[in-house]
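To start, the structure under review is shown below, and the notes come after it.
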Amino acid sequence: LTFLGIESSCDDTAAAVVRADGTILASVVAGQTALHADFGGVVPEIAARAHAEKLDLCVEDALKQAGVALRDLDGIAVTAGPGLIGGVMAGVMLAKGLAAGSGLPLVGVNHLAGHALTPRLTDGVAYPYLMLLVSGGHCQFLEVRGPQAFQRLGGTIDDAPGEAFDKVAKLLGLPQPGGPSVEAAAALGDPRRFAFPRPLLDRPGCDLSFSGLKTAVLRQRDDLAAAQGGLHEQDRRDICAGFQTAVAAVLAEKTRRALAQTQAPVLAVAGGVAANQTLRTALQDVATAAGADFLAPPLRLCTDNAAMIAWVGIEAYAAGQRDGMDLAARPRWPLDQSAAPMLGAGK
Ligand code: ATP
Ligand code: FE
C-alpha cells in the first residue's frame with residue numbers, strides 16, 4: 001500500500017507519500033512561523049488562509065519528490081481533527097476533491113493518532129506500548145494497544161510543557177521558540193541554585209501541571225530584579241537550569257507511574273519537547289529502571305508532519321476504515337472517545 005497524507009491542523013502545512021513498509025517516499029512541511037511572528041501566537045484566520053493557499057503546492061511537491069502520480073497510490077489520508085477548524089477544513093476539502101477526482105479511497109485521521117503511531121512508522125514497534133506526547137499544545141500519556149485502541153492515562157491539567165518553555169523564555173527575554181533557547185541557557189546554569197516546585201507529585205496518578213512552575217519562574221525573576229536591579233546572564237542560566245530540571249523530574253516521575261501501571265515493554269515519545277536532551281536522559285533512565293525500551297523518533301517526525309498521517313491512513317485502511325464525502329472536520333476529537341469514526345470500532 002502507498003498513501004498520500006495531508007496535514008493542516010495547526011501552523012504547518014504538510015503532505016507526504018508513505019509506503020506500508022515504512023518507507024517515506026516524500027515528506028514536505030511548510031511552516032507558517034513568519035506569518036504569525038508579529039502576533040505572539042498562531043492566528044486561526046491567517047493559518048486557514050495560508051493552508052488553503054499552500055496545500056495544493058505541498059501535495060504537488062510531495063508527489064513529485066516521491067516520483068509518483070495520484071493513480072499510483074492506494075489511498076488518501078487527511079487530518080480530520082483535532083485542531084484549528086479552518087485549517088482542518090482546508091485539508092479535508094482538498095482531500096475530498098482529490099479522492100473524488102481520482103476514485104481513490106479517503107481515510108480521515110486523528111492528528112493525535114498520527115503522533116501516537118509514529119513509533120510504528122519509524123521502528124515498527126509492536127503493540128502495546130506507552131506513548132508520552134509532549135509538545136507546545138499537548139501533554140498526555142497514552143497506552144497504544146492497536147491502531148484503533150488508545151487508553152489515556154493522564155495529562156496536563158493546565159499548560160503543555162512546550163508552552164511553559166516558551167513562556168519562561170519570554171519572561172527571561174530569550175528568543176522564541178523557547179525550548180531550544182532555554183535548553184541552551186540551562187546548559188551553562190546551576191540547576192541547584194533555585195528550588196522550583198514539582199507540581200502534583202504529591203498526588204497519585206499521571207496528571208501533570210506546568211502553570212505553577214511558570215509562575216515560580218516569574219516570582220524568582222522579580223525577586224532577583226528587585227534585589228539587584230536586574231538579571232545577570234548567570235541568573236538567567238541558573239533559572240533555566242532549575243526550571244528544566246523541574247520539568248524533567250516531574251515528567252520522569254509520572255512516566256515511571258504510567259509504566260508501572262501499564263507494564264508496557266516500550267516507552268516512546270513524540271512532540272517538539274521530546275528534543276530536550278535533559279528530558280530524554282531522564283526518560284531513558286526511567287525506562288531502563290522499569291525494564292522497558294526507550295524510543296525517540298527523529299525530531300522531524302516528532303513534530304507536526306504528514307508522514308504520520310499517511311501512516312495512520314495505511315493502518316486504518318488495512319483495518320477496514322473508509323470515509324465518504326460526508327467526512328467532517330472536527331475541532332475537538334479526544335483519542336479515546338468512541339464517537340471517533342476510526343477509533344470507535346470494538347468499543
Ligand atoms: P501541537 O502539535 O501539539 O499542537 P506544537 O505545534 O506547538 O503543538 P511541536 O511543533 O511539536 O508543537 O513542538 C513545539 C514546542 O516544542 C515549542 O513549544 C518548543 O518550545 C518546544 N521545544 C522545541 N525544542 C525544545 C527543546 N529542545 N526543549 C524543550 N522544548 C522544546
Ligand atoms: Fe501535533
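Things to note:
Yes/no matrix, rows are residues, columns are (1) within 16 Å of ligand 2 (Cβ to nearest atom); (2) surrounded by 16 or more Cβ atoms within 10 Å (Cβ to Cβ); (3) among the hydroxyl-bearing types (Ser, Thr, Tyr); (4) farther than 26 Å from Ala20 by Cβ:
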| position | (1), (2), (3), (4) |
| --- | --- |
| Ala252 | no, yes, no, yes |
| Leu267 | no, yes, no, no |
| Thr281 | no, no, yes, yes |
| Asp285 | no, no, no, yes |
| Asn305 | yes, yes, no, no |
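- Residue, farthest from ligand 2 (Cβ to nearest atom), within segment 110-135, restricted to residues that are within 14 Å of Phe294 (Cα to Cα) and assigned to a loop (DSSP other than H, G, I, E, B): Ala126
- Selection status of Val88, within 16 Å of ligand 2 (Cβ to nearest atom), of a type in the set (A, V, I, L, M) and assigned to a helix (DSSP H, G or I): yes
- The residue pairs whose first member lies in segment 26-42 and is loosely packed, with under 10 Cβ neighbours inside 10 Å, whose second member is at pLDDT 75 or above, and whose beta carbons are closer than 8 Å, counting only pairs six or more residues apart or on different chains, are Phe39/Ile46.
- Test for Gly136: is it crowded, with 20+ Cβ neighbours inside 10 Å, of a type outside the set (Ser, Thr, Tyr), within 16 Å of ligand 1 (Cβ to nearest atom) and closer than 18 Å to Arg152 by Cα: no
- Selection within segment 163-186 - touching a residue at least 40 places away in the same chain (Cβ under 8 Å), more than 16 Å from ligand 2 (Cβ to nearest atom), under 15 Å from Gly242 (Cβ atoms) and not charged (D, E, K, R): Ala164, Val168, Leu171, Leu172, Leu174, Val182, Ala185, Ala186
- Here Ala339 clears all of (1) modelled with pLDDT under 90; (2) in contact with a Ser or Thr (Cβ under 8 Å, 6 or more places away or on another chain) except the condition numbered (2).
- Selection from segment 202-238 of residues that are assigned to a loop (DSSP other than H, G, I, E, B), surrounded by 12 or more Cβ atoms within 10 Å (Cβ to Cβ) and not aromatic (Phe, Trp, Tyr): Gly205, Cys206, Asp207, Ser209, Leu231
- Within the option set Pro180, Pro199, Pro191, Pro175, being surrounded by 15 or more Cβ atoms within 10 Å (Cβ to Cβ) and within 14 Å of ligand 1 (Cβ to nearest atom) holds for one residue only, Pro180.
The values are calculated or read from the model by the stated rules, or taken from the named source; none is laboratory data. In this text, all values refer to a predicted model and were calculated from it rather than measured experimentally. When we count neighbours, we look across all protein chains shown, and the Cβ atoms used for this are built from the backbone with ideal geometry, even at glycine.
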